[in-house]
Structure formats: structure tokens, C-alpha cells
Amino acid sequence: MNAPTYEIPAELRDFAEKSVSQARTAVSSLLGTVVKSAEQLQSSSNTVHETIQSVIAKGLDQVQANASSTFDFAQKLVRTRDVKEAFELQTAFLHSQIATIQTQAKDLGALAQKATKGA
């Protein structure tokens, strides 16, 4: 006994083949987009990471410079001979520190701008 065979119409096979091809194209495109997005995210993450490292390094340099200048001031202060000389030294140190802090703030501001442009 031979079982009856049912033939799938050519139109249905063509439709199924086109559907599979379209699905393959759509998935391929989606995967391509996911890969590009992952690469951009990694690149952005690397840029942010590098910027954070730059900010930390700059901050540590500034802390070291500030500590050094403060110790230099303290050493000069203990060598003063009178109150007038101590006040003059204090005034000069404060002016110097204000200028230094302004410069340091500008440097950190520039790094922050770089970070926002990079991200």
C-alpha cells in the first residue's frame, strides 16, 4: 500500500523561501546593529575610563603641589623674625594659593569638558 503523497504548491514553497530569506536578512541586520552598538559602547567606556584616570592623576598632582607649597610656606614661616614678616609671608602665600586654585579649577574644568565631549 502506497500512502498518498501530497505535493506542496510551488507558490507556497516560494513564499516560505522568501520568508526565510527575509528573516535571515533581518536577523543579520539586527546582529550587525548590536555589534556596532557594543563597539561604540566599549569605545565610549574606554574614553570615559581614560578621562577618569586623567582626572584622578591631575587631582593627585594638584594635591601633591598644594602640599609641597604649604610645607614650603610653613618652613618659611617658622624662620620669620617678627610678626610683620610673618603677615607679609602669609599674605603672599594666600595670593599665590588663590592663583593656584584658579588654575587648578580651570584645568579640571577643561578635563570635565573633554569628558563630556568624549562621552
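For segment 5-60, filtering for residues that are over 30 Å from residue 113 (Cβ atoms), among the small types (Gly, Ala, Ser) and surrounded by 10 or more Cβ atoms within 10 Å (Cβ to Cβ) leaves 8. Among the residues here, residue 63 does not qualify as touching a residue at least 24 places away in the same chain (Cβ under 8 Å), under 30 Å from residue 111 (Cα atoms), within 26 Å of the chain's Cα centre (by Cα) and surrounded by 10 or more Cβ atoms within 10 Å (Cβ to Cβ). Looking across segment 79-102 at every residue that is loosely packed, with under 11 Cβ neighbours inside 10 Å and either within 30 Å of residue 50 (Cβ to Cβ) or β-branched (Val, Ile, Thr) (or both), the one that is farthest from the chain's Cα centre (by Cα) is identified as 83. Contact annotation: residue pairs with Cβ atoms under 9 Å, 6 or more positions apart or on different chains, pairing a residue in segment 100-119 that is under 20 Å from residue 64 (Cα atoms) with a partner that is among the basic types (Lys, Arg) and modelled with pLDDT of 80 or more, are 104/58; 107/58; 108/58; 111/58.
The values are calculated or read from the model by the stated rules, or taken from the named source; none is laboratory data. Computed from a predicted structure; not experimentally measured. All Cβ positions, glycine included, derive from the backbone under ideal geometry; neighbour counts span all protein chains shown.
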